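For reference, the structure is listed below as structure tokens.
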Amino acid sequence: MIIMKRIFRFLLILSAVLPYSTFAQLNQKHRVVILTDIENEPDDTQSLIRLLLYSNMIDIKGLIATTSTHLRTSIHPEAIRKIITAYGEVYQNLSKHEAGFPTAATLLSKIKKGLPEYGMQSVGDNKDTEGSDWIIKILEENDDRPLWISVWGGVNTLAQTLYKINKTKPHAEIKKLVAKLRVYTISDQDDSGIWIRKNFPELFYIVSPGSYGSATWIAITTQASGLNNEKISNKWLAENIQQRHGPLGSLYPDVAYGMEGDTPSWLSLIKNGLNEPEHPEWGGWGGRYLLYKPEAASIDKNGFTGGVPIEPESRPIWTNTSDRYEPISSVIMEEPSGGILR
């Protein structure tokens with residue numbers, strides 16, 4: 001009781017000291033635009049279904065169908081529409097439990113298309129798309145919040161956005177718009193990522209260049225001794241998500257190469273008290289990264305890269321740390337009396 005009174009007193013003092021605008025900012029949702037090569041493999045569908053279940057906590061500004069090195073000549077906005085239509089069937093039920101979920105109609109209006117071309121082939125004059133122009137529209141809104149670009153496949157739609165901004169805007173406007181962007185890309189899945197980093201050196205960019213094996217998303221899919229690996233198995237998914245769990249559950253596909261490999265790119269945007277996405281060095285649900293320019297020799301070129309060329313980085317990027325994690329079965333604490341708690 002005494003502790004609760006102290007907390008209440010502290011909050012009263014804090015409310016008197018801090019302006020209202022500070023509290024409003026703390027309660028704001030993070031904005032995000034999704035770039036997805038959905039239909040390349042099942043994990044994009046898995047990540048999108050999970051994202052929709054958190055859509056009351058994140059301000060989804062766009063869902064853009066793109067290509068990647070694994071899906072070079074087609075895009076699939078219809079796959080996004082199918083999932084959002086199923087979300088619409090459970091919207092009322094979700095809203096009974098918590099407020100703030102966007103309607104299916106709102107989300108459907110934010111589905112956009114990139115070009116069905118690979119990488120830098122879709123960047124340049126006369127290459128604008130509704131997807132690349134949509135990002136510019138969102139950037140130009142009267143909104144001071146950063147705009148996160150969560151990249152699940154290729155990043156060429158954003159590359160075209162930046163190409164057009166750079167060609168059509170005055171220098172001060174270019175600087176202002178680029179400063180709003182935050183990019184978190186699941187590995188380099190086309191050749192436009194390195195182009196962006198070279199040409200926009202001030203752009204906030206999270207990426208693990210080189211082999212996929214060094215990327216954060218591997219941790220969400222890899223079986224490890226000491227962890228509960230059952231929940232990334234198709235058997236567990238069938239029993240607990242896919243069967244008899246509603247329209248969205250029935251669309252959740254089996255795991256092929258890895259479960260929800262794209263989810264880390266937006267997971268840190270959930271305000272759960274454990275993440276501060278502006279500080280990747282602190283760590284959180286989306287992983288932990290440090291800002292530095294990796295040496296070319298340190299980038300793994302021998303593992304799987306999907307055929308995307310690996311080039312030396314020309315600037316600091318938010319990228320891999322050398323953290324290690326070892327599961328333990330109990331936490332050992334020492335009592336003030338000298339005893340041991342487990």
| message | Any residue at all in region 248-256 that's at pLDDT below 90 and under 14 Å from Ile220 (Cβ atoms)? | response | yes
| task | Restrict the check to region 159-169 and report whether at least one residue is out of contact with any strand residue (DSSP E or B) (no Cβ under 8 Å at 6 or more places or on another chain), part of a loop (DSSP other than H, G, I, E, B) and touching a residue at least 12 places away in the same chain (Cβ under 8 Å). | result | no
| field | Cβ pairs under 8 Å, 6+ apart, first in region 269-294 and modelled with pLDDT under 95, second small (Gly, Ala, Ser) and surrounded by fewer than 18 Cβ atoms within 10 Å (Cβ to Cβ) | value | Gly287/Ala219
| Sole residue being aliphatic (A, V, I, L, M) and not in a strand (DSSP E or B), chosen from Ile84, Ile60 | Ile84
| task | Taking only region 140-182 into account, find how many residues are more than 12 Å from Leu203 (Cα to Cα) and among the β-branched types (Val, Ile, Thr). | result | 6
| query | Which of the residues that make up region 231-255 are without any contact (Cβ under 8 Å) to a residue 60 or more places away in the chain and either among the aromatic types (Phe, Trp, Tyr) or in contact with a strand residue (DSSP E or B) (Cβ under 6 Å, 6 or more places away or on another chain) (or both)? | reply | Trp236
| task | Please go through region 198-212 and pick out each residue that is over 17 Å from the mean Cα position of the chain (by Cα) and surrounded by fewer than 23 Cβ atoms within 10 Å (Cβ to Cβ). | result | Lys198, Asn199, Phe200, Pro201, Glu202, Ser211
| field | Residues of region 276-287 satisfying the condition of being more than 13 Å from Trp266 (Cα to Cα), touching an Asp or Glu at 6+ places or on another chain (Cβ under 9 Å) and either part of a loop (DSSP other than H, G, I, E, B) or of a type in the set (Ser, Thr, Tyr) (or both) | value | Gly283
| said: Among the residues in region 39-48, are any β-branched (Val, Ile, Thr), surrounded by 19 or more Cβ atoms within 10 Å (Cβ to Cβ) and either farther than 21 Å from Asp190 by Cα or in contact with a helix residue (DSSP H, G or I) (Cβ under 6 Å, 6 or more places away or on another chain) (or both)? | reply: no
| field | Condition met for Ser109 (surrounded by fewer than 18 Cβ atoms within 10 Å (Cβ to Cβ) and small (Gly, Ala, Ser)) | value | yes
| query | Would you say Ser187 is at positive phi and within 20 Å of the chain's Cα centre (by Cα)? | reply | yes
| request: Check Glu78, Glu89, Glu117 and return the single one that is touching a helix residue (DSSP H, G or I) at 6+ places or on another chain (Cβ under 8 Å) and within 28 Å of Tyr163 (Cα to Cα). | output: Glu117
| task | Could you pull out the residue among Ser250, Ser265 that is in a helix (DSSP H, G or I) and surrounded by 19 or more Cβ atoms within 10 Å (Cβ to Cβ)? | result | Ser265
| remark: With criteria (1) exposed (fewer than 13 other Cβ atoms within 10 Å of the Cβ); (2) in contact with a strand residue (DSSP E or B) (Cβ under 9 Å, 6 or more places away or on another chain); (3) not in a helix (DSSP H, G or I), Asp125 comes up short on (2)
| query | What do you reckon, is Val178 touching a residue at least 24 places away in the same chain (Cβ under 8 Å) and part of a strand (DSSP E or B)? | reply | no
| Of the residues in region 134-146, how many are surrounded by 15 or more Cβ atoms within 10 Å (Cβ to Cβ) and either over 29 Å from Gln92 (Cβ atoms) or among the small types (Gly, Ala, Ser) (or both)? | 4
| When you scan region 74-102, how many residues do you find that are in contact with a Phe, Trp or Tyr (Cβ under 7 Å, 6 or more places away or on another chain) and surrounded by fewer than 17 Cβ atoms within 10 Å (Cβ to Cβ)? | 1
| query | How many residues are modelled with pLDDT under 90, in contact with a helix residue (DSSP H, G or I) (Cβ under 9 Å, 6 or more places away or on another chain) and either of a type in the set (Gly, Ala, Ser) or not in a helix (DSSP H, G or I) (or both) when one looks only at region 209-243? | reply | 6
| message | Which residue is farthest from Ile149 (Cα to Cα), if the candidates are limited to region 300-312 and must be more than 22 Å from the chain's Cα centre (by Cα) and touching a residue at least 40 places away in the same chain (Cβ under 8 Å)? | response | Asn302
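The values are calculated or read from the model by the stated rules, or taken from the named source; none is laboratory data. Computed from a prediction, not measured in an experiment: that's the story for all the values here. Neighbour counts are summed over all protein chains in view; Cβ atoms, including those assigned to glycine, are modelled from backbone coordinates with ideal geometry.
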